[in-house]
Structure formats: C-alpha cells, structure tokens
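J.: A single structure is presented below for examination.
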Amino acid sequence: MKERGERTPMSILVVEDSRTQAEYLRHILETEGYDVTLAADGATTLRRIEAAPPDIVLTDVLMPGMDGYELCRRIKQMNAEIPVIMVTSLFDPADVMKGLESGADSFIVKPVTPGHVRTQIEAVLRTAEMPDPDGSPAGLEVPFSGSVYTISAGRLKILNTLLSTYSIAVTKNTELQEVQEQLHSLNDQLQEAVGDLSRSNESLVAENQERRRVEKALADANRKLQLMASITRHDLLNQLSALWGYLDLALTLHEREPANAWRHVESARGIVDRISNTLRFTAEYQDVGAASPVWQEVRSLVERAEKYLTMGTITLENAVPVGVAIYADPLIEKVFSNLIENALRYGGTITTITFSLRQEGDAFTIICEDDGVGVARDEKEKIFTYAHGMNTGLGLFLAREILAITGIAIKETGVPGKGARFEIRCPAEVIRVDGRGA
C-alpha cells in the first residue's frame, strides 16, 4: 500500500445529519489524504452518486427520512462496486444482520477514532481487491430473533463485517461486568441493612415497616445512581469528543486559515462551558440517593436550566406562573435542560422556546413547545427509547425515566413542520399551585 504522501486521492462521501460529527469525520479522512464530500440525508446522497460516484461511502444509520440501511440498499442497486461503511453505535446483533442484508461492507463504531476509521477503510479496500471464493452467491434466507434476513454477501464480506463489530461486543461485555459488580455491591449493602434492621427492631410490625423503608430507599438510590452515571458519562464523552474535534481543527487551520481557526476555538470555549456546567450539576448531586423526591418550583427550574445552555439567538419564554411546585426526583432540573437542549439541537428553523402551564381538572400539564421543524409522526415515541438515544442523545430517554419516579408522564404532541411540543402530565398529587395540592 502506498504511503499517504504517494497515495492517489480517493473520494469519500460522508453521509451524516449531525454537522459536528460530519466535520469531525471530514477532518479525520482529509488528514489521511482522502478527498471528502459531505451529505446530510439519503436523497442528497443518491443524487451526488448519480452525478459523480465516489470511491467509498460512509453513512450514519439513524437519519431523518431514509435510514442508513435503505440508503445502502439503494446505493448497491445503483452501483454494486461502491463500498458502503455504516457508522453507528451498535447495541443489538440484529443491526449486523440488517447491515449484511442491505449490502454493507463494514461498520465503524461510535465514538469514532482516527485509527479505527483508517483500519476499517483499508480492510474494505483490501477485500474489494480480493475475489470472493464464493463468487456471487445467491441470497440465503437466515432466520434470526423472530425475523428472516436475506443475505447475499460472500464469506469475505461477512467475515470483514463481523470483525468490524467485534470491538463493540468487547466494550458491551466490559460494561456488563461493571454493572454486575455494582449490583453485587448494592445487594451486599441491602443484606447488611436487612440484617441490622432485624437485630435492632423490638417488634415484628416495626421491623417490617423499617425494612420496607430501607428497601425502597436502596432501590431509589440504585436507580438514581444509574441515571446519574448515564447522564454524566454520556454528556461528558460527547462534549469531550466535540471539544477535541474543534481544537484539532483549530490547530490544523491556525496557519493557513487563522480566522476559521479562531472560530473553532470559540466553539471549543462554548463546549468547555458546557462541560463545566455538567460537572457543576454532578457536584450538586454527589449525594444522589440520600434524599427522597422534593417539591420544587417549576418556573425556577426553567430559569436554572437555561443557565446551563448557550441560547444564541433563540428566545426562551417562561410563561409558567410563580408558585407552581412539582413533587419530583431532584434530577428534575436535568429534564428541563434536556428539553431546551433538544430544541436547540434539532429545532432547525427554531426562533422561540416556550414553557407554559395548562390545568385539566385537578391535574396540570407543563408544556414545552417551539416553532421549529417539529418531530415526525413515526418518531414521536422512538425519541424516548434507549435504542434511539444511543445515536441521538439519551436526554429524552432519561427525562421520561426521571419523571416516572413520581408517576409523571411525558409525550410529544406537536404538529410536524410547525414545531415540537412536549407535554409533562402531572397527577394532582405531585403538583400544587400557591400552596394547594398534596
């Protein structure tokens, strides 16, 4: 293989709806000597391939409209010789089957690293140069996990795909072991608490009451600790990845494009502010699990959440009346900041975010709505799932989990194209206005 300086530039088309991730991939690939073009969706990608086929396509899996699997399938129909590499956060073996069925040549697992990108591209190029011993095998129907997948790939492509996904299996196994250790530790604590309770109580009735209290406290503590770990780990990893990308771009451009370099430095400074805010939030809840749900004023929650974010030109209107309090887990503040951040990130044409309150009998609904692009009808429930959050951010998944601790529900009811609308529906016993309520 030629060294980078001798390599004839190859063209790579990167398909990614996140501008930050797309620019980061562009930087990695251009550093390796590739000619890089960006596309934000499947339709644009197909038009560009029809006009000028690239040497390789790197595509995200979860994108608005056409997903990565369907895009890969259409690319292979247009030109089967173009290698397609999926860039995704794999969490289910079915994703590998879907990739093979759609004709994908390999996977790159997020968070993306330069070394992993380089090795996967080189592996795909080597495989493309080697004749497959199976020739062009006929489609093989493979039943897996309640579905049937038609696989037409040869042995070389299947082996390359499995090797590219092996790293995620190792990572998931490590995380599982860590969770098991935490559960063992919490179980030991529970056993000690039950033993101490049995020895200290004078009556069976008092003993049972205290045991239930301790068991509930430990269960709540376990859930809160897991929520906090998910929030901080996910947020900090994403923020540090973005910070590294901006700083690396600034270092690359500081001599030939100093103005652009300083803009990247300014972006990095904004990321540093977000990291600092995340750490401050974590510090406030370092004793999470020690306290039960508390009453908190909703208007103040919105005001505090805004301080953790950079609003830019977006206006935040807080129309929640003074004196409305909600009984929720202390992490409720993170719910409001996640809703604002979600609007800023995915609102598109958004100019205003509004929080308001609506009464429905004895219950109340807290409403967060904006005037952006809204949420597609088939995405309204998906955005709250863990699987969806692995690729787009876990904020909404965690928001629903935090609210559910005290029986509060959240759903998206906006009209696509006219803005997102999140309704936080509070039963009468968890909300009060000017002293009324539970």
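The values are calculated or read from the model by the stated rules, or taken from the named source; none is laboratory data. Note that this is a predicted model, so its numbers are computed, not measured. A quick note on method: Cβ atoms are made from the backbone with ideal geometry, for glycine too, and the neighbour counts reach across all protein chains shown.
J.: Within the range 2-25, is there a residue that is more than 16 Å from Val112 (Cα to Cα), at pLDDT below 90 and under 21 Å from the mean Cα position of the chain (by Cα)?
T.: Checked against the condition, which is being more than 16 Å from Val112 (Cα to Cα), at pLDDT below 90 and under 21 Å from the mean Cα position of the chain (by Cα), the range 2-25 yields no hits at all.
J.: So which residues in the range 283-309 are at pLDDT below 60, of a type outside the set (D, E, K, R) and part of a helix (DSSP H, G or I), if there are any at all?
T.: Residues of the range 283-309 that are at pLDDT below 60, as a first pass: 283-291.
If we keep only those that are of a type outside the set (D, E, K, R) as well, we get 283, 285-286, 288-291.
Of everything in the range 283-309, just one residue is at pLDDT below 60, of a type outside the set (D, E, K, R) and part of a helix (DSSP H, G or I), namely Ala283.
J.: Do we find that Leu58 is part of a helix (DSSP H, G or I) and crowded, with 17+ Cβ neighbours inside 10 Å in this structure?
T.: no
J.: Of the conditions (1) of a type in the set (A, V, I, L, M, F, W, C); (2) within 21 Å of the chain's Cα centre (by Cα); (3) not in a strand (DSSP E or B), Ile410 clears all except one; give me its number.
T.: (3)
J.: Is the range 356-378 home to any residue that is within 30 Å of Gly65 (Cβ to Cβ) and assigned to a helix (DSSP H, G or I)? Break it down stepwise before answering.
T.: Here is the first cut: in the range 356-378, the residues within 30 Å of Gly65 (Cβ to Cβ) are 367-378.
Now drop any that are not assigned to a helix (DSSP H, G or I), which leaves 377-378.
There is at least one residue in the range 356-378 that is within 30 Å of Gly65 (Cβ to Cβ) and assigned to a helix (DSSP H, G or I).
J.: Filter the range 42-60 down to residues that are among the charged types (D, E, K, R) and in contact with a helix residue (DSSP H, G or I) (Cβ under 9 Å, 6 or more places away or on another chain) and give me whichever is nearest to Val96 (Cα to Cα).
T.: Among those that are among the charged types (D, E, K, R) and in contact with a helix residue (DSSP H, G or I) (Cβ under 9 Å, 6 or more places away or on another chain), it is Asp60.
J.: Here's a follow-up. Modelled with pLDDT under 90, under 28 Å from Ala242 (Cα atoms) and part of a loop (DSSP other than H, G, I, E, B): is that true of Gly312 in this structure? Spell out how you get there, then give the answer.
T.: Details: modelled with pLDDT under 90: yes; under 28 Å from Ala242 (Cα atoms): yes; part of a loop (DSSP other than H, G, I, E, B): yes.
In short, yes.
J.: Considering each of Ala343, Ala363 in turn, give the residue that is touching a helix residue (DSSP H, G or I) at 6+ places or on another chain (Cβ under 6 Å), at pLDDT 85 or above and of a type in the set (A, V, I, L, M).
T.: Just one listed residue meets the conditions, Ala363.
J.: Now for a different question. From the set of residues in the range 16-51 that are of a type in the set (A, V, I, L, M, F, W, C) and without any contact (Cβ under 8 Å) to a residue 24 or more places away in the chain, which is surrounded by the most Cβ atoms within 10 Å (Cβ to Cβ)?
T.: Ranking the candidates gives Ala22 first.
J.: Just to verify a result, which residue in the range 329-355, among those that are β-branched (Val, Ile, Thr) and part of a strand (DSSP E or B), is nearest to the chain's Cα centre (by Cα)?
T.: Ranking the qualifying residues of the range 329-355, first place goes to Ile353.
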